[in-house]
1. Does A:L25 qualify as being within 30 Å of B:E102 (Cβ to Cβ), open to solvent by 30 Å² or more (accessible area, probe 1.4 Å), assigned to a helix (DSSP H, G or I) and within 11 Å of another protein chain (Cβ to nearest Cβ)?
2. Give region B:51-72 a look and list any residue that's closer than 18 Å to B:L111 by Cβ and not aliphatic (A, V, I, L, M), or say none.
3. So, A:V42, is that one without any contact (Cβ under 8 Å) to a residue 60 or more places away in the chain and either under 20 Å from the mean Cα position of the chain (by Cα) or open to solvent by 50 Å² or more (accessible area, probe 1.4 Å) (or both) or not?
4. If you check B:V260, B:V197, B:V256, which single one turns out to be open to solvent by 20 Å² or more (accessible area, probe 1.4 Å) and modelled with pLDDT of 85 or more?
5. Taking B:L128 and the conditions (1) at pLDDT 85 or above; (2) surrounded by 24 or more Cβ atoms within 10 Å (Cβ to Cβ); (3) in a loop (DSSP other than H, G, I, E, B), which numbered condition does it fall short on, given that it satisfies the others?
6. Which condition breaks for B:S114 when tested against (1) buried (at least 24 other Cβ atoms within 10 Å of the Cβ); (2) under 17 Å from the mean Cα position of the chain (by Cα); (3) at pLDDT below 85?
7. Of the residues that make up region B:97-119, is at least one in contact (Cβ under 8 Å) with a residue 60 or more places away in the chain, under 18 Å from A:A95 (Cβ atoms) and not basic (K, R)?
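The values are calculated or read from the model by the stated rules, or taken from the named source; none is laboratory data. Since this is a predicted model, take the numbers as computed values, not measurements. Please note: Cβ atoms are built from the backbone with ideal geometry, for glycine as well, and neighbour counts cover all protein chains shown. We work out accessible area using only protein heavy atoms, side chains counted, and drop any ligands, DNA or RNA first. Shrake-Rupley method; radii C 1.70, N 1.55, O 1.52, S 1.80 Å.
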Amino acid sequence: MKRNWLEWLILLASTGLVIGVVGYLLVSGLTSRGPAAIRTEVINAGAADSPDGGWLVPLIVRNQGGTAAGAIVVEATAMVDGTEEASQLTVDLLAADSEVELALGFSGPPDGDVEVRVVGYETP
Amino acid sequence: MARQPSAGGQGSESKRGAARQDRPASQDGGDAHPISETIRDHVRAAVGGLLVGLPLLWTMEMWEHGSTLPPLKMLVLFGLAFVIVVGFNALSGFRRERTWLELLLDAVQGLGLSVAVAASMLFILGRLEPELGLQTLVGRVALLTIPVAFGTALAATVLSEPEEGSEADPVGPIGRLFVAAGGALYFALNVAPTDEVRVLGSEADTPLLVAAVAGSLAISLAIAYLVDTPSGSTGDRSGGGPLTHPAGETVAAYAVALLVAAILLVSFGLNDGLGLRALVGHVVMLGTLASFGSAAARLMLGGGSDQQEKAGS
């Protein structure tokens, strides 16, 4: 039997989807950008507070590399009332080209800048 | 899928040609598939895809592997699934007037539908958030398309009604191994991404591995004998080659199952850092499931052929 117009339409859309998936995988596989590259960015630290009286610092963790990273330990340090405080959080998995938003807590508003560093990560 | 590709097996190409010659050219323009039937076929295929794919669509390890698998490994799995789906369609379809080009187009159509079904379900589950990045989005859809595509292929072959006057082609030994590979891939894919494979593969000692091999071969042999009985399917046993004997088919099907298990282990990166002994343990333990899948698929092929025979008589 001949294909009707609906089958042609579905075939056209299907071909587009399959070519899109295969094409993307092929191109991204052949143009690998190397290992994971984790970057952090504090977003609007002064505007965040915690309901229990503490202070939350929101930040974004990005993976700008070509492969995923797991167990990413992110640590933020800041001076709070003259004492240095550190706060740590672990991101289970961060795929290539993706980002996640975190909030790290302190006992009060930081006196100055918040320093954020990536302690380490594993390659899954 | 919308249309059933022709049955394959030995000598099917000549039958396709004969079927095409028998069809008058004047009818080519006026016998298009009814729209209602097209819709019904695609709904059936989508439901079949969900039926088979949903458990894996709900599996966290699959989402994670969709994020972490290298694109080229993903492409290999995607391609392997496509080849097996084409083979499934070629071997177990009812309609006989498909050319190989039409068979490929049908498979692309089924795969495209599977991509849409997998993407829709992942979106509904909240697993396709934009901040995940394009690589993860495409990776998850590509990986989860594989089980859905098996479901759409099965729906097109097992759930659909046979056409009037259709007959079953006997499936040759190579075709049966192809089906065995499909069953092995589907069953093993269900657990390959989980931690259980690592635990079982690492902890199994030699006597347990020997028992696993013996058990796998016993199940496979039982299926081969079951299909070979007179009341069983139309499996083609007349060729006289080593693969037409149940013992030969058993060994070959088990080898295929082990190969599928090894491919999955490498694809999911589970072989990284493993010594040879541990690697063999992983392959054998995953192979138990793969061999059962291959046996189940061969058994189902027998059942499907029976239905076709009944429909044709």
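1. no
2. Passing the criteria: B:G53, B:G66, B:P71.
3. On the way: without any contact (Cβ under 8 Å) to a residue 60 or more places away in the chain: no; either under 20 Å from the mean Cα position of the chain (by Cα) or open to solvent by 50 Å² or more (accessible area, probe 1.4 Å) (or both): yes.
So A:V42 fails the test.
4. B:V256
5. Every condition holds for B:L128 apart from (2).
6. (3)
7. Among the residues of region B:97-119, at least one is in contact (Cβ under 8 Å) with a residue 60 or more places away in the chain, under 18 Å from A:A95 (Cβ atoms) and not basic (K, R), which makes the answer yes.
Conditions tested, residue by residue: (1) surrounded by 14 or more Cβ atoms within 10 Å (Cβ to Cβ); (2) within 11 Å of another protein chain (Cβ to nearest Cβ).
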{"site": "A:T31", "(1), (2)": "no, yes"}
{"site": "A:G65", "(1), (2)": "yes, yes"}
{"site": "A:T77", "(1), (2)": "yes, no"}
{"site": "A:E84", "(1), (2)": "no, no"}
{"site": "A:E101", "(1), (2)": "no, yes"}
